[in-house]
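The values are calculated or read from the model by the stated rules, or taken from the named source; none is laboratory data. All of these numbers come straight from a predicted model, not from anything done at the bench. No Cβ is skipped: glycine too gets one built from the backbone with ideal geometry, and neighbour counts run over all protein chains shown.
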């Protein structure tokens, strides 16, 4: 995590994401900008957060550690997402781990400030209730996805989230990750994951090159992914 001392950039993120609309008073003087590198954790499960974060640029994955030692993919976070909302309401450690899947920027407000000022801000509390309601709806949907959607669809959504442009001139899109970890996160076996990746290759959607996969047909992959893991 890197703290970025740049008031102009903070103001740009505030204006771009309309953060001022969340509060009754100007909270800009309490806001600090942080950058999390790709694969860095914004927070880990059972951690005490020092800041309430507002994800303003980038993307992160949310996962839950299970009693059997495995992890399960819960959702993806993109702007604008509040991290620490439930912890603010319940005053408890984090329930899930949030990990950046690309360089991600968050505006943070220290929790002692949040609890001192925002606990009495009716506008913020109403917005927070609305936000938590939406997050609960998405969580319910994502639980249904994990139970009912075929691996092919869930994998397509995961690939789109994690793929990156290797060559900006050719727009070649590459996907390379730890496939054992992917199988675990998607609640499947490594063998089933391999079969599904091979199926996508046979259908001309992916092309394998050693341990990497190139996306051949992005539109078909996007169609398979739909709006999974909001």
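Quick test for you: out of 129, 96, pick the one residue that is touching a residue at least 12 places away in the same chain (Cβ under 8 Å) and more than 15 Å from residue 50 (Cα to Cα).
Details: 129 fails: touching a residue at least 12 places away in the same chain (Cβ under 8 Å).
After ruling out the rest, the residue left standing is 96.
Taken together, 34, 13, 53 contain a single residue that is farther than 28 Å from residue 144 by Cα, modelled with pLDDT of 95 or more, out of contact with any helix residue (DSSP H, G or I) (no Cβ under 7 Å at 6 or more places or on another chain) and buried (at least 19 other Cβ atoms within 10 Å of the Cβ), which is 13.
Tell me, yes or no, whether region 115-125 has at least one residue that is in the same structural domain as residue 28 (by TED's automatic domain parsing), in a strand (DSSP E or B) and in contact with a helix residue (DSSP H, G or I) (Cβ under 9 Å, 6 or more places away or on another chain). I'd like the intermediate steps shown before the answer.
Of the residues in region 115-125, the ones in the same structural domain as residue 28 (by TED's automatic domain parsing) are 115-125.
Filter once more, so that each one left must be in a strand (DSSP E or B): none.
The answer is no, given that none of the residues of region 115-125 is in the same structural domain as residue 28 (by TED's automatic domain parsing), in a strand (DSSP E or B) and in contact with a helix residue (DSSP H, G or I) (Cβ under 9 Å, 6 or more places away or on another chain).
Figure legend. Inter-residue proximity from region 47-76: first residues without any contact (Cβ under 8 Å) to a residue 12 or more places away in the chain, second residues assigned to a strand (DSSP E or B) and surrounded by fewer than 20 Cβ atoms within 10 Å (Cβ to Cβ), beta-carbon distance below 9 Å, spacing 6+ or different chains. Indicated pairs: 66/72.
Check whether at least one residue in region 56-64 is surrounded by fewer than 16 Cβ atoms within 10 Å (Cβ to Cβ) and assigned to a strand (DSSP E or B), and report yes or no. Taking every residue of region 56-64 in turn, at least one turns out to be surrounded by fewer than 16 Cβ atoms within 10 Å (Cβ to Cβ) and assigned to a strand (DSSP E or B). Within region 8-33, restricting attention to residues that are assigned to a loop (DSSP other than H, G, I, E, B) and touching a strand residue (DSSP E or B) at 6+ places or on another chain (Cβ under 7 Å), the residue that is farthest from residue 114 (Cα to Cα) is 17.
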